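Rule-based calculations on the coordinates, nothing more; no lab input. Just so we're clear, the structure is a prediction, and the values are computed from it rather than from any experiment. As a convention, Cβ positions derive from the backbone with ideal geometry for all residues, glycine included, and neighbour counts pool all protein chains shown.
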Amino acid sequence: MRDGHSSQRTLYLCLVKSCMMIRKQLIYVALVAWLLSLSARAACINPVMGINLAGAEFAPSVLPGVEGIEYKFPTSIQIEKYMRTGFGAIRLPILWERIQPELYGDLHEQYVRSIERVARDAERVGVKVVIDLHNYGRYRGKIVGVDIDGAAFRDVWKRIAMRLREHGSIAAYGLMNEPNDARRVWHRMAQFGVDGIRDSDRRKDIYIGGDGWSNAVQWVQANPRPFVIDPEGRERYEVHLYLDDDASGRYLEGHPKSDPESRVRDRLAPYFAWLKKYGKVGVIGEFGVPSDDDKWFSGVQEFYAITKNACIDSYYWAGGAFSPKNILSLEPRNGEERLLMKKIKSYITTSK
């Protein structure tokens, strides 16, 4: 009997020691994670809060179009106005067919000069610029990867990056706005664009739009895992977030049918989890609500609080050369400031 009790006691002591060791290991892991989180937060004091300034991509069916009529670039006055509002960066949508009228051909000189003028205007007021190829995975209506080969996509980005790489205000290249196609060719094509940029510029960030319109609601399903390799490790996976029922940004239902704050949290959570799982950096390339309906504004406040806490850059949609009828525009309507424009500065500065 003594031998039995001795064996049980020995087993008990071993279990206690094992539990203590496991507990110490768990505490160590938790401490390391906590320290890493502090390090990450220290490295990112304030995420970029930017704005899309649309217009240069307008009238894509009218080619080449006339600047000032079919399409417009943001003015220095607009850039300075949004800087004073609190936006520190511009996402500048451009059109592939205008910057490169023929595949594998030279860039259109006047169009590029207009981009460079925006870059200089932004630099004068301390604002960064992201060049966004706003083509939905297409060129003249043909799908990149189906009707347009990847080499053409690599070529245009090689040329764009070569021309713009010395502009100090240009911080990143947006590979493709909202790629979408049932044949799922985008993941393979994206690497061609990354390679084209790195052929010319190895310093700037690259924003990688996701398949499925870069939509936050569809992100994990449409993009199960990371799909590009950047030799410089400066890729950021770009998601778009809208709070309407179908997450399209059209806001056909008018007033929100559920709490906008909850929609921000619920729609971003899977994307944030995806970034964490794969150790990737993200960016929110578009987010917007109807600018004259304050029932959506709590979602804007929540959005900036969450992106600040997650230390993720974001770009509001949008300012620029919109029709006054556009419900998401922050531009004045009939000479009157939009209701959200009167409040958004406080939302941004409170989050900083």
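Within segment 78-228, what percent of beta bridges assigned by DSSP are antiparallel, to the nearest 5?
Roughly 10 percent of the DSSP beta bridges within segment 78-228 come out antiparallel.
Straight-line reach only, C-alpha to C-alpha below 20 angstrom: list the aspartates and glutamates that LYS325 could link to, leaving out same-chain residues fewer than 8 apart.
Counting by Cα, and skipping residues close in sequence, LYS325 has these aspartates and glutamates nearby: GLU57, GLU70, ASP244, GLU253, GLU286, ASP292, ASP293, ASP294, GLU336, GLU337.
For a quick check, take a GNM of the chain with Cα springs below 10 Å and name the residue from LEU340, LEU328, LEU63 with the largest mean-square fluctuation.
Result: LEU63 has the largest fluctuation of those listed.
Return the distance in nm (one decimal) between the two label points of a simple spin-label model at ASP149 and SER61, each offset 7 Å from Cα along Cα→Cβ.
Result for the modelled spin labels: 3.1 nm.
Tell me, what HN-Hα J-couplings in whole Hz come from the Karplus equation 6.51 cos²θ - 1.76 cosθ + 1.60 at θ = phi - 60° for each residue of segment 122-130, using x for Gly and Pro?
Values per residue, Gly and Pro as x: 5, 5, 4, 10, x, 10, 8, 10, 10 Hz.
Under the rule of at least 5 residues apart or a separate chain, name every residue whose amide H is placed under 5 Å from the amide H of GLY174.
ILE131, ASP132, LEU133, TYR207
If I fit a long axis through the Cα atoms of helix 2-43 and take the longest principal axis of the Cα atoms of the chain, what angle between them do I get, 0 to 90°, rounded to 10?
Its long axis makes an angle of about 20 degrees.
Give the long-range amide H neighbours of ARG91: residues separated by 5 or more places, or on another chain, with amide H under 5 Å away, using H modelled in the peptide plane at 1.01 Å from N.
Counting only residues 5 or more places away or on other chains, the set is ILE51, ASN52, LEU53, VAL130.
Classify segment 275-328: rounded, prolate or oblate, from the alpha-carbon gyration tensor (a ≥ b ≥ c, eigenvalue square roots; a/c under 1.5 rounded; otherwise prolate if a/b is larger than b/c)? Display every interim value, and only then the final one.
Working: a/c = 3.58, a/b = 1.84, b/c = 1.95.
Taking the square roots of the gyration eigenvalues as a ≥ b ≥ c, segment 275-328 is oblate.
If I build a Gaussian network model for the chain, linking alpha-carbon pairs within less than 10 angstrom, which residue out of ARG183, ARG198, ARG138 has the largest mean-square fluctuation?
Of the options given, ARG183 has the highest mean-square fluctuation.
Would you work out the relative contact order for segment 124-210, in percent, from Cα pairs under 8 angstrom that are 6 or more residues apart?
Values: 135 pairs, mean separation 35.7, N = 87.
Once normalised by length, the contact order is 41 percent.
Write down the percent of antiparallel bridges among all DSSP beta bridges whose residues are both part of segment 47-351, to the nearest 5.
So the antiparallel bridges amount to about 5 percent of the total.
Inverting the mean 1/r over all pairs of different Cα atoms, compute the Kirkwood radius of segment 250-289 and quote it in Å.
Result for segment 250-289 stands at 12.0 Å.
Cut-off 10 angstrom, C-alpha nodes, Gaussian network model of the chain. Which of LYS81, LYS204, LYS308 fluctuates the most?
LYS81
Using the structure shown, list the pairs from LYS257/LYS345; LYS81/LYS204; LYS158/LYS204; LYS128/LYS204; LYS277/LYS345 with a Cα-Cα distance above 22 Å, or answer none.
Working: LYS257/LYS345 26 Å; LYS81/LYS204 26 Å; LYS158/LYS204 13 Å; LYS128/LYS204 12 Å; LYS277/LYS345 33 Å.
Violating the 22 Å Cα-Cα cut-off are LYS257/LYS345; LYS81/LYS204; LYS277/LYS345.
Check cross-link reach from LYS276 to the lysines: straight Cα distance under 18 Å, and skip same-chain residues fewer than eight apart.
List returned: LYS308.
Please list the three semi-axes, largest first and in whole Å, of the ellipsoid equivalent to the chain, using sqrt of 5 times the eigenvalues of its alpha carbon gyration tensor.
43, 26, 19
Where in the chain lies the longest segment free of GluC sites (Glu not before Pro) that are both loop residues by DSSP (not H, G, I, E, B) and have at most 14 other Cβ atoms within 10 Å?
1-101
If contacts are Cα pairs under 8 angstrom and at least 6 residues apart, what is the relative contact order of segment 47-351 in percent?
It rounds to 18 percent for segment 47-351.
On full extension of the chain, what length is gained from ARG203 through HIS255, given 0.36 nm per residue of separation minus the C-alpha to C-alpha distance?
14.4 nm
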